[in-house]
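One structure is given here, and the rest of the page talks about it.
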Amino acid sequence: MTDPPNSKSAIITGITGQDGSYLTEMLIEKGYTVHGIIRRSSITARPRLDHLTLDPEVYGTRLFLHYADLDDATSIRRIIFKIHPDEVYHLAGQSHVGASFEIPESTCEFTAMGTLRLLELLRDMDPAPKFLNVGSSEIFGHPDDAPQDEDTKMNPVNPYGVAKAFAVQTTRIYRDSFGLFCCNAIAYNHESPRRSKSFVTRKITNAVARIAAGKQDHVSLGNLEVERDWGFAGDYVKAMWLAMQHEEPKDYIVATGTLTPLKRFLEIAFAHAGIDDWQPHVKIDPRYFRPAEPTRLVGNAQRAKDLLGWGPSVNLQQLVTMMVDADKSQSKRRDD
Ligand code: G4F
């Protein structure tokens, strides 16, 4: 059920990604006008947004897409000043941790410097839009404590984590030094059927669906001795919106508080497709190992619970089965 249009408008960077698509849906349902910033490239497909961009009642009335690049301040300035939104949700960036070892400069350019550029623009606006930066558990890397909260010391162990640490801290600085309404959602791993297949959860659920259908025999993975705090992306964008509605700008850990071994994820995914033993279907490929792995990344979202009334609505079992089911029906529809 979509609310009638209200006077609120939002800009989303990274609108074509997993989180961007869930956030857009939610804001449109709440009556916002949403402006998405997209990069100009030869690829024009935006499958996560198709249901919105192909809907004439939404696209061009409640949803608009604009070309601009985070490494081109002029292009961003033009759009932000013209729209002068109430809220800016900053989701864009190079989001693959493994890739950040291969492309550290561009990772920092987009994720770190891109955030700084946006904040500099907001500083010049009157009134300045509210701003939410999506941070990452990767800022903690090898943390002193587990679970981590908003006061845990940053100690990243990869270029992605360093870039996110810069972005989170810069957001804090602009809040404290210039009085801007700036928040960080320090998000732990969040997954969904819209997750790209380059991340381990979707890579697994996609492979499970294909193995169950007899289309492939195994999946090649890297380090299986890892653990993560996995939640549902649809829940995490709610926390982002709630953070922007709170009377004071703050940082929030967004996490489930449960650390799960990757092997447990494999077990649930294969079992849901009726395969009791996952081990014969997993091959280890050294190409997927990373030079360093974070440890004990599990979040304490107590502040989000106390101040925003936020909590995860989907547990791990539900998340994995949702993803496997979606991949199974996609695998039936497509003959690839
Ligand atoms: O799914 P991943 O690639 O996610 P990672 O590195 O935890 O990062 C994700 O979550 C962060 C926290 O929210 C975000 F900031 C970040 O943008 C991204 O969304 O890898 C998870 C774990 C790693 O330890 C990796 O080494 O799975 C291990 N793994 C084992 N085999 C693999 C594979 N990861 C990938 N992507 N592919 C493999 O074959």
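The values are calculated or read from the model by the stated rules, or taken from the named source; none is laboratory data. Since the model is a prediction, treat every value here as computed from it, not as a measurement. Don't worry about glycine lacking a Cβ; one is built from the backbone with ideal geometry, like all the others, and counts go over all protein chains shown.
Report yes if S136 is within 12 Å of the ligand (Cβ to nearest atom) and modelled with pLDDT of 95 or more, otherwise no.
Numbers: within 12 Å of the ligand (Cβ to nearest atom): yes; modelled with pLDDT of 95 or more: yes.
Spelling it out, S136 is indeed within 12 Å of the ligand (Cβ to nearest atom) and modelled with pLDDT of 95 or more.
Any idea which residue in segment 275-310 is surrounded by the most Cβ atoms within 10 Å (Cβ to Cβ), counting only those that are away from the ligand (no atom under 16 Å from the Cβ), outside any helix (DSSP H, G or I) and without any contact (Cβ under 8 Å) to a residue 40 or more places away in the chain?
The residue in question is D277.
Filter segment 133-191 down to residues that are among the hydroxyl-bearing types (S, T, Y), in a loop (DSSP other than H, G, I, E, B) and surrounded by 24 or more Cβ atoms within 10 Å (Cβ to Cβ), then give me how many there are.
1
Does segment 193-204 contain at least one residue that is within 13 Å of the ligand (Cβ to nearest atom) and under 16 Å from N315 (Cβ atoms)?
Within segment 193-204, the first condition is being within 13 Å of the ligand (Cβ to nearest atom), and the residues that meet it are 194-204.
Right, trim to under 16 Å from N315 (Cβ atoms) and you get 201.
Scanning segment 193-204, I find at least one residue that is within 13 Å of the ligand (Cβ to nearest atom) and under 16 Å from N315 (Cβ atoms), so the answer is yes.
Is it true that S220 is part of a helix (DSSP H, G or I) and more than 21 Å from the chain's Cα centre (by Cα)?
no
Please go through segment 208-239 and pick out each residue that is among the polar types (S, T, N, Q) and either closer than 21 Å to S136 by Cα or more than 16 Å from the ligand (Cβ to nearest atom) (or both). Give the derivation first.
Kept after step one, since they are among the polar types (S, T, N, Q), are these residues of segment 208-239: 216, 220, 223.
The answer is N223, and nothing else.
Please give the number of the condition S95 fails out of (1) more than 16 Å from the ligand (Cβ to nearest atom); (2) more than 18 Å from L27 (Cβ to Cβ); (3) outside any helix (DSSP H, G or I).
The failed condition is (1).
Is it the case, given these coordinates, that V208 is under 14 Å from the mean Cα position of the chain (by Cα) and outside any strand (DSSP E or B)? Steps first, please.
On the way: under 14 Å from the mean Cα position of the chain (by Cα): no; outside any strand (DSSP E or B): yes.
Here the answer is no, as V208 does not meet what is asked.
Return the residue satisfying two criteria in turn: it lies in segment 240-273 and is within 12 Å of the ligand (Cβ to nearest atom) and free of Cβ contacts under 8 Å to residues at least 60 places away in the same chain, and of such residues it is farthest from N133 (Cα to Cα).
Only one residue fits best here, namely K263.
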